[in-house]
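Please read the structure below before turning to the comments.
Values in this text are rule-based calculations from the coordinates and carry no lab data. Nothing here was measured: the structure is a model prediction, and the numbers come from that model. Note that we place each Cβ from the backbone using ideal geometry, even for glycine, and neighbour counts take in every protein chain shown.
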Amino acid sequence: MKIKRLEALLPIVGVAGLLAIWSLTTWRQWVDPVLLPSPILTFKAMWAGMHGALGFDFVKTVYRTAAATVIASVIAIPLGILLGASEKIYRSLEFVIDFFRSTPASAMFPLFLVLFGVGDETKISVAAFGAALVILFNVAYGVMNARKTRLLAAKVMGASRLRVLFDVMLLESLPQTFVGLRNGISLALVVIVVAEMFIGSQDGLGHSVFEAQQLFEMPRMYAAIFAAGVLGYGLNLLFMLIERRFVHWSGK
Amino acid sequence: MNARPAILPDPTGVLAPVARVSPGRPHVTIRGLSKRFDKAVIYDKFDLDIPRGELISVFGPNGCGKSTLINMIAGLTPPDEGQILFDGMLLSEIKFGYVFQNYREALFPWLRAFDNIAYPLKMMKVPPKERRLRTEKLVAHLGIKLDLNLFPYQMSGGQQQLVSIMRSLVVEPEILFLDEPFSALDYEMTLFMRDQLQKLFIESGTTMVLVSHDLEEAVYLADRVLLLSRHPARVADFPRVSVSRPRTDATLSDPEFVRIKAHCLDVFQREVRRA
């Protein structure tokens, strides 16, 4: 009983360990304190920042990432279903999709800059481009890998092709669709943060990290990095919770 | 011609006995059925009559085409040649049920058990209210005590297969196909499910075609055992199992049962050795 209760604490062991090593390092001054501020200083900067400029940047990044993911989903999910439902269409487009999926989205910045200028459109559209391909690929695979028996069962019960698509294939593909959405939003966040650093941005977490580094405000820089980490982790967690709620049969 | 059972809106007629127009006439007639996979000839001009209202077990050597046969009859695998008629009608004109071996993949995990059972009615465009009624009626009629608000993955294997069987019965099928329905269950559950199936058969009188890889099960459940040869499959024998129903554990030591089982085993081994 006692051991069981202790086991519940296991997940925080890593966090506690990390904080301990970090504190020890700054306390013993093993690293230049200018380069690595203490955890307390960092979290103070984060607390203060989240109530001010950092909070604003955080919201900006959330907005851009969300916009990119929504656009990507709206385009990629229906297209993925179409591709997955018809093996012939998929086979003919497989190479193109695989090629652009393997192309680093960041390599598209110059092109999108020419197309959309230096505003939000460029950042969001490059992130959407990257995320869309990841989502598309996963949705198509989810549809294609629908269990054969389940499709036959629907057919035997008299379901038309369209019914099979909506009643079986779509639902069958949901777990894989969520894999795509989670990967897609992670990629979108990476692209957005990079864009905020270098594509003439005035705000956003990427801008915040970059600016703090330029001004050598190390606690603020670490605070911004952690904020980005919190965002990435939070988005992943959010999608996992949504999946568990709506795709309750996943993995069962 | 009109040997179709009453299928018109009749929510109270769950599992109404099949109309027996001419008892001597076969229910299913199979003529000149041919099927090949790549170079292997599985069926070559195969003929068979399936009698009405009987439970037929299909048994034979591995890979002889037991499942292929019922899949062709049930329209899951198109035959290369030949004709299959149900009272002179095509498959598309009749109502039938099919129970898969792999219940885990055959049920819809996103629907509760109740909605799984009612799903075929939705395909027949039965209005929602009547769907509910007919499903409830079937459940009550079968007297199966199951929490149908559960999702399939919350149920045991046997319960899931029971839901599968109920799903195939809800349309009041004229014929029911079962492809090794119990082979993914443990022994205890298999014994229980055999008796459940027998009960359903006695109550409904629906023609059933059951593929089995277990000779005891095949004979125990059957009115006739269809013994197939190695492919190209022929009917090696089609003996009648004239042991009264309901069959019980005592049946397993009944001299007639033992005799037929031994005979089937003889035929089976002769066919296996013929390779």
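Laid out as a table, the results:
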| quantity | calculated |
| --- | --- |
| Percentage relative contact order, chain A, counting C-alpha pairs under 8 Å, at least six apart | 25 |
| Sorted by Cβ density within 10 Å, fewest first, the residues B:Asp223, A:Asp167 | B:Asp223, A:Asp167 |
| Cleavage-rule hits, trypsin sites (Lys or Arg not before Pro), segment B:167-275, DSSP coil, Cβ neighbours within 10 Å at most 12 | B:Arg274 |
| Local electrostatic count, A:Leu93, Cβ distance below 14 Å [Lys/Arg +1, Asp/Glu -1] | 0 |
| When segment A:45-246 is reduced to its Cα atoms, the Kirkwood hydrodynamic radius in Å | 18.2 |
| Mean separation of Cα contacts under 8 Å (6+ apart) over length of segment B:146-214, as relative contact order % | 39 |
| Amide H contacts under 5 Å for B:Tyr98, placed H, 5+ residues apart | B:Phe177 |
| Base-10 log of normalised Debye intensity for the protein assembly as shown (one unit scatterer per alpha-carbon) at q = 0.06, 0.09, 0.13 Å⁻¹ | -0.47, -0.80, -1.21 |
| Counted charge near B:Val28, where neighbours are those whose Cβ lies closer than 11 Å (Asp, Glu -1; Lys, Arg +1) | -1 |
| Ranking of A:Asp203, B:Asp179, B:Asp249, A:Asp57 by count of other Cβ atoms within 10 Å, fewest first | B:Asp249, A:Asp203, B:Asp179, A:Asp57 |
| Chain B: calculated mean residue ellipticity at 222 nm from DSSP helix runs of at least 4, using -39500 (n - 2.57) | -10500 deg cm²/dmol |
| Ranking of A:Lys252, B:Lys122, A:Lys123 by count of other Cβ atoms within 10 Å, fewest first | A:Lys252, B:Lys122, A:Lys123 |
| Degrees, to the nearest 10: A:218-246 long Cα axis against longest axis of chain A | 30 |
| Sum of side-chain charges, B:Leu228 neighbourhood, beta-carbon under 10 Å (Lys, Arg +1; Asp, Glu -1) | +1 |
| Average beta-carbon neighbours from other chains, 10 Å sphere, peptide B:120-133 | 2 |
